[in-house]
Amino acid sequence: MKSYRTLALKELLSQKVTSILILIAVVLSTMMTTIVGQSIGVLSAMREQQAIAIGGNRYATFLQMNADQLHALEQDERLSYVGKSIYMGSLELSPSLTLGLMEYLDDNAAIYPSSTSVEEGRLPEAPMEIALSEDILKYLGFEGGIGDKITLSLQKNLRHNIVDSYSYTAEFVLTGRLKNNYLGYTSGTVTGVVGEGTAEQLLPESYIYYNVDIQTTDKKSFQAVVDDINKELNIHELDTSYNIVYLNALGISYTANSEDANDKGFSFMTVAGILVGSLILLAAGLVIYNILKISVSKRIKGYGTLRAIGGEKGQLYQIIVIEVILLCLMGIPIGMLLGFLSARGILEAATGLVSPELFLVQDASELKTLIAENSSLNGTLLVLSGAITLAFALFAALPAARSAARVSPIMAMSGTNLKIRRRKRKTKKIHNFEAYYARLNLKRNKGRTAITILSLVMSITVFIALQGFSSLLNAASALQDNHLGDYQITNESVGFTTDDLNTLRKNEAVQSVAAIQFSLYEQNENGLLDEISLEFQLKPGETFQVVGLNDEYWDYFMGDQLPEEQLGQLKSGNACIVRNPIPMSYGEDVLEFTNIEAGENICVAGMELNVLKTLDGYDGYLGIGNGGFTNGVQVIVDDAIYERLTGKDTYSEFLPTLNEGADREIFDTFIESFCDRTPGTTFLSYEESDQQLKESFAQIQMLAWGLILFVGLIGILNIINTVYTNIHTRVTEIGMQRAIGMSAGSLYKTFLWEGAYYGVIASVIGSVLGYVCTIFIEAATSDTIQLVAIPVMPILEATLLAVGACLLATAIPLRKISKMNIVDSIETVE
């Protein structure tokens, strides 16, 4: 032997089973890290595409810009994209739904794929041309086709009520039918497109303002650039609209006057990502560690002999480390290749199961192109995955190497280094010998048992955590709870009675009904209110609004913002919430506005109310349908005292929430009948908008599930490796058991019980750790650590997979071993 280092290769060749198991672990680990690296690009691209479909390919929009401001923005070198459009005005389709017409200039329409996608015909190109979706045409009662004329009566309001609204009627030529886009139903606004040059023909010059979409050259400086632009061009902060969904998908930091803004400090998303990645690598590392530890314990006599003939600790360290490096040199390239092919196959297989439209693309070829562009071979990721696997393999080998290096030559060559202690035990009846013997096997080598169970625990934890982690990829999560109820039933003229509310509540499909009352009062020529008395004076131009909410609406509106005691005060009718008007400016001068503070008492219609909380800005504004914001003082009270303040006892809007699994078609029939009873009643179902949001996330979920299932497969194979190693190293012991009379059936039951114990114990611990990981993952969405619902289904799935894999891993090698000759089993080395 030229060098003691060649002993590493000889041991690998002689210990074939151990070497193969470690090689499999290395290949699987490399496959896993490669798949994660290759898949993350596609998952990120899909998440960004989902965000673009929802809010457009823009970072933010400056609203109502004049020509000078537009020119300054177009010349700003800090902006990589500047697109412009003109808002033409709106048309009320129903009290719950409004049509807004947009004139996109140059190629600006391309950044809004969901609202400008053509199903038939083409997009408008010339003045007075228009494209509308099929559902809008149905609302308008239009029965013509492409090329026919359609007349619309529109109204354009400028922001901040600078001047009176401008109303006009125009005749357009229909050039295209757009695909239905239900995402706007939540906000109550759907979009139509007119040809370039239409604004110049229809709007007075004073009403031609631009909406300017931007992207910044440097993502990191986005907020600083926006702040500088607002200051330089004197843009009101409320005239800056952030595309929150897209900014979140890109990970761009921003601060907006919105509860969805990501200015809450350190994001838990990074923690969740690191946590899941670490668990995956730890699970793989534990398998390598376990196999090497068992391998070293089998060869302890040989290491003792090497120490006795002069071998040094460092030399034994090198032998173990070289073994791992040799296996890594063989396994890592194989794992990289299989990982790359598997990642591509998983993505294409998952996406091939559904219609391409689900992925917000036109056809299958476009979908394959998207996958190909983001899943091409990335050398950096491959090197990184190989380096990570090698590092974890060496790290996992160190304890085994240390154990080999510290072995005592005398104890090792004598055959044992264990001190056997017998404890006094109480005599008790053994009900099931095989189960009892399996428990003894678990206890006799607690270290090996702990490592085996820990390996299973990591796999179970990873499986549960990954299912929760896929929710972080949902770019639409900020919008999915953006409306109350499943339906919106509105009547602004006659209103609804209490009997109508009770009728709706009694329907078996209805879980709850949130109800709102609304009264708007405007000042007369003398600056006074005609129909209601106030003990405070409104400022010029301000309106006064009284809003009544029932208990269900209060729970939604203020349930998480006020303590239970104050919420009870509101529901009992002894207090109110006040929304102050938004300050208006004329040039650089801010006009006077009414400002009421929390803790004050106000008197409305002779009734004194304690103000518990004040609200500012647009967010959370209460109105009927989707009629938009009317500036003024808004006093929000319980429906129990609304009649005393206003003299009215009717509700303007119902928002029913259905029971899970309720039949929508039957309920739609009931609602149609319900609306027919009261003239002027309309309803809007959020089913289509919710479904579109779910489908936009389905693309992410399917790809993520491909990764989850593959990692689950790796976890199962890790279990098989671990249990197989444990059984294989006990071949001699099994032969002795058979020699003293144990039947093959009893042998099977003993080891199957042992495998079941491994699976059950690991499932309990893994489920608890998986739940803890889920808490951190959910915190990545809310930026708040709090208890969340227990993921019952993932836990049950992981438990069944773990127990089933343990039983399978036990049964496969046992079948071969139980058929071996008893003498051969006793004499078998490996």
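Bear in mind these aren't lab numbers, they're just calculated from the coordinates by the rules spelled out. Only a predicted model underlies this, so the values are computations on that prediction, with no experimental measurement involved. Backbone-built Cβ (ideal geometry, glycine too); neighbour counts: all protein chains shown.
Give, rounded to the nearest 20 debye, the magnitude of the charge dipole that region 487-685 has about its Cα centre when Lys and Arg contribute +1 at Cβ and Asp and Glu contribute -1 at Cβ. Could you put the intermediate results ahead of the total?
On the way: 10 positive and 35 negative charges, 39 e Å.
Value, rounded to 20: 180 debye.
Which is farthest toward the positive dipole end of region 487-685 among L567, V635, T650, measuring Cα position about the Cα centre, with Cβ charges +1 (Lys, Arg) and -1 (Asp, Glu)?
T650
Given a cut-off of 32 Å, name the pairs among K179/K571; K84/K220; K231/K571 whose C-alpha atoms lie farther apart than that in the structure shown. The partial results should precede the final answer.
On the way: K179/K571 44 Å; K84/K220 24 Å; K231/K571 43 Å.
The pairs that break the limit, which is 32 Å between Cα atoms, are K179/K571; K231/K571.
For region 57-242, what is the charge dipole size about the Cα centre, in debye to the nearest 20, if Lys and Arg each add +1 at the Cβ and Asp and Glu each add -1 at the Cβ?
Numbers: 13 positive and 28 negative charges, 95 e Å.
Charge dipole, region 57-242, about its Cα centre: 460 debye, nearest 20.
Run the quick spin-label model on S743 and Y166: label points 7 Å from Cα toward the beta carbon, then report their separation in nm to one decimal.
A separation of 9.6 nm, rounded to one decimal place.
Amide H of L93: which non-local residues (sequence gap of 5 or more, or other chain) have their own amide H closer than 5 Å, using H built in the peptide plane?
T98, L99
Given the options Q75, Y242, G147, identify the residue whose Cα lies farthest towards the positive end of the charge dipole of region 57-242 (+1 on Cβ of Lys, Arg; -1 on Cβ of Asp, Glu).
Projecting each Cα onto the dipole axis, the largest value belongs to Y242.
Would you work out if region 57-242 is rounded, prolate or oblate? Take a ≥ b ≥ c from the square roots of the eigenvalues of the alpha-carbon gyration tensor; rounded if a/c is under 1.5, else prolate when a/b is larger than b/c, oblate otherwise. The partial results should precede the final answer.
Numbers: a/c = 1.92, a/b = 1.64, b/c = 1.17.
It is prolate, given that a/c is not under 1.5 and a/b is the larger ratio.
Among S519, S385, what is the fewest-to-most ranking by other Cβ atoms within 10 Å?
Numbers: S519 18, S385 26.
If I rank by nearby Cβ atoms, fewest first, I get S519, S385.
Most exposed first by the Cβ proxy, i.e. fewest other Cβ within 10 Å, how do H483, H236, H71 rank?
Placing the least packed residue first, the sequence is H71, H236, H483.
Can you tally the net charge around L137? Count Lys and Arg as +1, Asp and Glu as -1, for every other residue whose Cβ sits under 14 Å from the Cβ of L137.
Numbers: positive: K138, K149, R177, K179; negative: E119, E120, E134, D135, E143, D148.
Net charge around L137: -2.
Which net charge results when you count Lys and Arg as +1 and Asp and Glu as -1 among the other residues whose beta-carbon is under 10 Å from that of D639?
On the way: positive: K571; negative: D551, D638, E643, D649.
Neighbourhood net charge equals -3.
Which entries in K506/K613; K138/K219; K156/K613; K16/K443 show an alpha-carbon gap greater than 30 Å? Numbers along the way, then the final one.
Values: K506/K613 34 Å; K138/K219 42 Å; K156/K613 34 Å; K16/K443 28 Å.
From the list (K506/K613; K138/K219; K156/K613; K16/K443), the Cα-Cα distance tops 30 Å for K506/K613; K138/K219; K156/K613.
Can you tally the net charge around G606? Count Lys and Arg as +1, Asp and Glu as -1, for every other residue whose Cβ sits under 12 Å from the Cβ of G606. Don't skip to the answer; put the middle values down first.
Numbers: positive: R644; negative: E535, E608.
Here the count lands on -1.
Restricting to Cα atoms and excluding each atom paired with itself, what does the Kirkwood estimate give for region 477-584 in Å? Numbers along the way, then the final one.
Values: mean 1/r = 0.0595 Å⁻¹.
Roughly 16.8 Å, rounded to one decimal.
How large is the translational diffusion coefficient of region 487-685 in µm² per second when you combine the Kirkwood radius over alpha carbon pairs with Stokes-Einstein at 25 °C and 0.890 mPa s? Walk me through the numbers on the way to the answer.
Details: Rh = 18.0 Å.
This corresponds to a translational diffusion coefficient of 136 µm²/s.
Taking the beta-carbon count within 10 Å as an exposure proxy, list E542, E592, E525 from fewest neighbours to most. Walk me through the intermediate numbers first.
Values: E542 22, E592 11, E525 5.
The most exposed by this proxy come first: E525, E592, E542.
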